[in-house]
Structure formats: C-alpha cells, structure tokens
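**Student:** Starting off with a structure, shown below.
The values are calculated or read from the model by the stated rules, or taken from the named source; none is laboratory data. This structure is a prediction, so every number in the text was calculated from the model and none was measured. Glycine gets a Cβ as well: all are built from the backbone with ideal geometry, and neighbour counts include every protein chain shown.
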Amino acid sequence: MKRIRLAYVTHGLSSNGIESLLVSIARRIDVERYDVTFVLALDPGVVPLHEPEILSLGMRVIHICDLDSLAKKRQYAVSLRRIFETERFDIVHANMDLLNGIVLRAAKQAGVPRRICHAHTTGSSYALEKSLSPTKLAQSLYHRTMRRWILQNATDLLGCSDAANAYMYGDRPAVVIHNGTELDKFSEAKAKADTAPDLRDAPVHLVTVGRISTPKNPLFLVEIVRELSALRQDFVLHWAGTGEMLPDVEAAVKANGLEPFVQLLGRRTDIAQILAGCSYFLLPSLFEGLGIVLIEAQAAGLTCLASDQVPESANVGGCRFLPLEAGAKGWARELCDMIDRKTVLAADPEKLRQFDIRNTIGELDRVYLK
C-alpha cells in the first residue's frame, strides 16, 4: 500500500496545547498508512522539546526559520513553497492559526491536492488593544488578508470547537475535531496518587498549566491569588509553564508578597503528576480555542474554575465558569467558597471519551481518507 505523504505545519514541538496535541497524534497515527513530516517555523539547530521523540517514531522534521522579523517571514513563505514543490505531499495540515493563510497559499501554488486549515483559537492578542495605533491597523489588515487566503486556498476547514470555527471561518461549514489527549495517563496518575515530588506542601493545592502569555491572563491570576490570600492562607498555587510574560508574573508575585502562595514550576514534562497532586484547576483565559489542559485536569479528577471565554464544549462535567467581569475579588470569593464547601465536580465519562486521542485519530482519518 502506498503511504499517504502527510505534512503537519506548526510553529514548533514544545509543550503548548497545539503542539502537544500534534505529538499525541504522532504517537498514535498509523505509520503504515501515513508518511509523516513535521514542518517547523524554527531556525535550523534549534531542537524543541519533542523533536527527538518525533524522530524516534520514524518521522521527519524540517526546520525553516523563526518568524521574529519581517525578512524571516518572507523567507518562511518562499521556503514553504519550495519544500512543498520538492516533497510533493498529498496532504498539508496547517496548525498556525491565522498564519495558515500563508501556509495554504504556498501549498496551493505548489500543487498540493489536499490543504487543511485547523483553527485552534477564538481570538488574538492584538485584538485586545484599545487604541487605533498603526500596529493595530496593520494587524487588522493582516487578519483580513489571512482569512481571505485561508478561505481561498483550503480544501478542508477544521477546528477544535464551534467557537474556533466561527472565529476563523465565519459562517463557512467546518468540521469539529476534538482536541484529544492521552486521558489514561491523567486518570491513572490520580488513581495511583503518583504526584510530582517537588510540589510545595499546603492544605489546599491549586494549579494552573499553560503558556504564560496574554491569552492566559496571567496577571489577573496573580490578582486572584492576592485577593484569595486576604481571605485565607492555607493554599498554594502550583503554576506550570513559561512564556514571554514570566518576568511580569515574577515581578507581580514579589511586589505583592505572594511568594508563600505561588510556586512557579517552569516548563514541565510531568503534568499528569502535577495535576494528580492538586484539587482545583484555574483557567482565567481571555480566549481559548478549546483549552485542552482543562480536559486533562478534569480527566485527573480536578474541579475546575474557568473563565466564560473558554468554550462550553471544554466542560465535561468537572468545570464551573465565571465571568472575568466578576473581577479578582469575585473569583477569589468563589474559589474560597468552593474550598470551604469541599466542592467536587466530576467529569462525565462519556463526554470525556470524546477527547481521547484515539477518538481524535479516528476523526482525522475520516478527513484524510475521504
């Protein structure tokens, strides 16, 4: 049987939600049917977290360049088309959000027959700017152009939720692909009490996981901790992740004297064990395509408090939503009440099963093989 030449185009192979999803897919996909290549927006020589594992699975990884300058963005677009022309992929599956416009345009120009756009978000950090600055106007033009190129050049439109599809494609028909994860890993860690050994001890363990960047609303989370510490002192927030706003978070924690209540864990590969040692998960995001880490937290048996900007589809029974407009004091009071009442929200096994990575593989097969 001739294998289908499949290219996943993504920023990197780190621990963020999109890239963790792609790594989980790589672990499970049928390599007898698919010849898989990952095309990364990283400079040659930069080795992201999961690249060694991808190579060990017999898949290829192609580095183009970072996107940290206009010249590199141009180089990226030119190199993409050249790679697509040389490699003759059967399917290009783009996972770069709005940058998918450039990816899919290059794929169409190179004659790739199947060009898949996958939406993973419901917003943009630039859209949060209030002023009509030249930068914001340029970004607005970029957004319109990328959406037009996506709709002109994609053969298939996918997204992780109805909200993500509406954001990226408007009213165009699109397929929801459940962002799967290896659910057993999280439930088993909790059942075995297999916890990370370096978690700071406290009567109440809170946790958040994710890139420390604008969409995750990290400084608001620091405010929640500050307000909660005024109500009680029996907790610690374990915070796994890194990102461009980490220095701001570190400064805010120090300025507010919150060091006893916040444990910054950095980039971790033992998220299942970290979740297993905690009881309450916090996700006060400004926007999310889905929030796969919320699924993982519920699989690990945690009760979750998330912003109402997270799609409802991420709630499989273990989640309570709260508006950001409630403010840090409102969030702290709600969380304090949940702790006092020993609130436990349990995930529905049937709803949770939709997000098993094996189900995701089946959904993708139906798209790839149609």
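**Student:** Restricting attention to region 35-76, and to residues there that are more than 24 Å from the chain's Cα centre (by Cα) and in contact (Cβ under 8 Å) with a residue 24 or more places away in the chain, which single residue is nearest to residue 16 (Cα to Cα)?
**Tutor:** Here the residue is 58.
**Student:** State whether one or more residues within region 214-226 are within 24 Å of the chain's Cα centre (by Cα) and either without any contact (Cβ under 8 Å) to a residue 12 or more places away in the chain or not in a helix (DSSP H, G or I) (or both).
**Tutor:** Applying the first criterion (within 24 Å of the chain's Cα centre (by Cα)) to region 214-226 yields 214-225.
Now drop any that are not either without any contact (Cβ under 8 Å) to a residue 12 or more places away in the chain or not in a helix (DSSP H, G or I) (or both), which leaves 217.
Yes, that holds for at least one residue.
**Student:** I need a count of the residues in region 148-162 that are at pLDDT below 95 and surrounded by fewer than 24 Cβ atoms within 10 Å (Cβ to Cβ). Before you say what the answer is, go through the steps one by one.
**Tutor:** Kept after step one, since they are at pLDDT below 95, are these residues of region 148-162: 160-162.
Cutting the leftovers down to surrounded by fewer than 24 Cβ atoms within 10 Å (Cβ to Cβ) gives us 162.
Residues meeting the conditions: 1.
**Student:** Assuming residue 157 fulfils every condition listed in (1) touching a Phe, Trp or Tyr at 6+ places or on another chain (Cβ under 8 Å); (2) assigned to a helix (DSSP H, G or I); (3) of a type in the set (A, V, I, L, M) apart from one, which condition is it?
**Tutor:** (2)
**Student:** If you don't mind, another one. With the requirement that a residue be among the charged types (D, E, K, R) and modelled with pLDDT of 95 or more, what does region 172-197 give you?
**Tutor:** First, pick out the residues of region 172-197 that are among the charged types (D, E, K, R): 172, 182, 184-185, 188, 190, 192, 194.
Answer for region 172-197, where residues must be among the charged types (D, E, K, R) and modelled with pLDDT of 95 or more: just 172.
This table checks each residue for (1) in contact with a Gly (Cβ under 6 Å, 6 or more places away or on another chain); (2) surrounded by fewer than 21 Cβ atoms within 10 Å (Cβ to Cβ); (3) among the polar types (S, T, N, Q).
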position	(1), (2), (3)
166	no, yes, no
173	no, yes, no
185	no, yes, no
197	no, yes, no
200	no, yes, no
211	yes, yes, no
239	no, no, no
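**Student:** In region 346-360, what residues are of a type in the set (A, V, I, L, M, F, W, C) and buried (at least 17 other Cβ atoms within 10 Å of the Cβ)? So that I can check it myself, show each step before the final result.
**Tutor:** Residues of region 346-360 that are of a type in the set (A, V, I, L, M, F, W, C), as a first pass: 346-347, 352, 355, 357.
Once the filter is applied, which keeps residues that are of a type in the set (A, V, I, L, M, F, W, C) and buried (at least 17 other Cβ atoms within 10 Å of the Cβ), region 346-360 yields 347, 352, 355, 357.
**Student:** Another question, then. Take the conditions surrounded by 15 or more Cβ atoms within 10 Å (Cβ to Cβ) and charged (D, E, K, R) and apply them to residue 334. Does it pass?
**Tutor:** Working: surrounded by 15 or more Cβ atoms within 10 Å (Cβ to Cβ): yes; charged (D, E, K, R): yes.
Criteria met by residue 334.
**Student:** On to the next question. How many residues are within 17 Å of residue 367 (Cα to Cα) and of a type in the set (Gly, Ala, Ser) if we restrict to region 13-42?
**Tutor:** 1
**Student:** Report yes if residue 151 is in contact with a Lys or Arg (Cβ under 8 Å, 6 or more places away or on another chain), in a helix (DSSP H, G or I) and free of Cβ contacts under 8 Å to residues at least 40 places away in the same chain, otherwise no.
**Tutor:** Details: in contact with a Lys or Arg (Cβ under 8 Å, 6 or more places away or on another chain): yes; in a helix (DSSP H, G or I): yes; free of Cβ contacts under 8 Å to residues at least 40 places away in the same chain: yes.
Yes.
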